[in-house]
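Report on one structure; see the data block that follows.
No value in this document is a laboratory result; all are computed from the given coordinates. Please read these numbers as outputs of a predicted model, since none were measured by experiment. Positions of Cβ are generated from backbone atoms using ideal geometry, with glycine treated the same way; all protein chains shown enter the neighbour counts.
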Amino acid sequence: MSGSNRDRVPNKVLKEIFPKKLNNSPVSEEIYFHLKRMIFSGKLKKGQRLLRWELVQIFDVNETAVSKAFSHLRKDGLVIIKGGVGSVVA
């Protein structure tokens, strides 16, 4: 099954790189920047799932901010939507 938990990004990895406090820029831009950095650094691997609700809970942000960040990542070709799986690293 391609949508298994082993494809998910471990919370530990997300918490390592995501700052405890966001800067003054819009939250969605901060989320975008940090996820992009994780992709380019290799902490997020091709095919790993990114779950919106998990990011909302881990980083205590609203779902709109995460959705906007995902939209920006999709436009940049860094994240794709797979039917039945959700958002994955491209």
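With labels modelled as points extended 7 Å from the Cα through the Cβ direction, what inter-label distance (nm, one decimal) is found for Phe40 paired with Asp7?
About 2.6 nm separates the two model spin labels.
Please arrange Val66, Val61 by how many other C-beta atoms lie within 10 Å of their C-beta, fewest to most. If you can, show how the numbers build up before the last one.
Working: Val66 24, Val61 18.
Going from least to most buried by this count: Val61, Val66.
Could you work out how much longer the chain between Lys82 and Glu63 gets when fully extended? Use 0.36 nm per residue separation minus the Cα distance between them, nm to one decimal.
On the way: separation 19, 0.36 × 19 = 6.84 nm, distance 1.93 nm.
Working it through step by step, the gained length comes to 4.9 nm.
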